[in-house]
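Below you'll find the structure, written out as structure tokens, and then a few comments.
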Amino acid sequence: MATFLSTRETQFHYFDCILNSPAWKDRRVLDFGGNIGGFLAGAGGRVEDRHYWCLDLDEEALEQGRRTFPDAHFCRYDRYSSQYNPDGIRNLPLPDLGLKFDIILAFSVFTHTHQSEMLELITQLRGMLASQGTCAFTFADPRYDRSLSDPRLPAGTDVRKLLEWRKSENPSLEIEGLVETARQSNWCLVVDDKLYVEPSNDLSNQEHRGRPWESYCSYFTADYMESLFPDGRVFLPVGPEWQHCCVLKNAF
């Protein structure tokens, strides 16, 4: 079995900037797709371990998180993902964790789902929010030049970066037209070296019979994300990260 352990610790800085430095103490935080707890590591004590929950597909990542943060809560979500959990359960609802959360975060989770799956899961996550709670999740815009967030990165979109990587394995792959097609779309999927523009639900991760460990990456323009969540607010990336953020708040 492959496993995916993320060493990223910039998530706290990212969301702290996006949410305008909320009072993190005593806030119950759900980190959806939090892996080994990089958000908590980056928080440097500003988020209390006992008020932190991580929900993730990868049991090995969760085990490492439990060892590092024994007072935090690391819970398995065994949902199918062709890229990250090909033996998981398709269409598995989110588990009831027995409480409501003040802040729910998802960093680079919906960059690997079909639109229909994103909408389904966001609806479920919003149901887990406390009164006046906040849900913030990142997404990748197919038109955004990553070097605007980090000058150390080569100019170009993430779609270009991904397809250039695939071209190294498939030299005959013509990427210029694919990159431009992605730029003109409202949303698209890149599955391995194939581009799908606004694909139907049969390419949803929960319907798609893909190759285990395939690359499955989704892209949504900022304008389109605003149309999907008209009660939300979309923010530009916080460097050095290059993903946009959508913030949703409970009004009651």
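Taking the numbered list (1) under 25 Å from A222 (Cβ atoms); (2) outside any strand (DSSP E or B) in turn, A136 passes all entries but (2).
Taking region 4-38 as the region of interest, how many residues are within 20 Å of T111 (Cβ to Cβ) and surrounded by fewer than 12 Cβ atoms within 10 Å (Cβ to Cβ)?
Keep residues of region 4-38 that are within 20 Å of T111 (Cβ to Cβ), which gives 4-15, 17-19, 30-38.
Keeping just the survivors that are surrounded by fewer than 12 Cβ atoms within 10 Å (Cβ to Cβ) gives 7.
Residues that pass the stated criteria total 1.
Within region 37-84, being part of a loop (DSSP other than H, G, I, E, B), among the small types (G, A, S) and modelled with pLDDT under 95 holds for one residue alone: S82.
Considering Q184, Q206, Q243, which residue is farther than 17 Å from S108 by Cβ, under 17 Å from the mean Cα position of the chain (by Cα) and among the polar types (S, T, N, Q)?
Details: Q184 fails: under 17 Å from the mean Cα position of the chain (by Cα); Q243 fails: farther than 17 Å from S108 by Cβ.
Only one candidate qualifies: Q206.
Look at region 58-72: where a residue is without any contact (Cβ under 8 Å) to a residue 60 or more places away in the chain and a partner is surrounded by fewer than 17 Cβ atoms within 10 Å (Cβ to Cβ) and part of a helix (DSSP H, G or I), sitting 6+ places away or on another chain with Cβ atoms under 6 Å, you get F69/D49; D71/D49; D71/R50; A72/D49. Only a single criterion out of (1) part of a helix (DSSP H, G or I); (2) out of contact with any Gly (no Cβ under 8 Å at 6 or more places or on another chain) is not satisfied by S147, namely (2).
Which residues, taken from region 162-198, are of a type outside the set (S, T, Y) and part of a strand (DSSP E or B)? Those that are of a type outside the set (S, T, Y) and part of a strand (DSSP E or B): W187, C188, L189, V190, V191, K194, L195, V197.
Quick one: which residue in L94, L105 is in a loop (DSSP other than H, G, I, E, B) and touching a helix residue (DSSP H, G or I) at 6+ places or on another chain (Cβ under 6 Å)? Talk me through it step by step, then tell me what you get.
Working: L105 fails: in a loop (DSSP other than H, G, I, E, B).
Just a single option satisfies the conditions, and that option is L94.
If you check D150, D141 for being more than 12 Å from the chain's Cα centre (by Cα), crowded, with 21+ Cβ neighbours inside 10 Å and under 25 Å from W187 (Cα atoms), only one passes: D141.
Of all residues in region 209-216, at least one satisfies being within 25 Å of Y84 (Cα to Cα), under 19 Å from the mean Cα position of the chain (by Cα), among the charged types (D, E, K, R) and not in a helix (DSSP H, G or I).
The values are calculated or read from the model by the stated rules, or taken from the named source; none is laboratory data. Remember, predicted model here, so these are calculated numbers, not experimental data. So basically every Cβ, Gly included, is an ideal-geometry build from the backbone, and we count neighbours across all protein chains shown.
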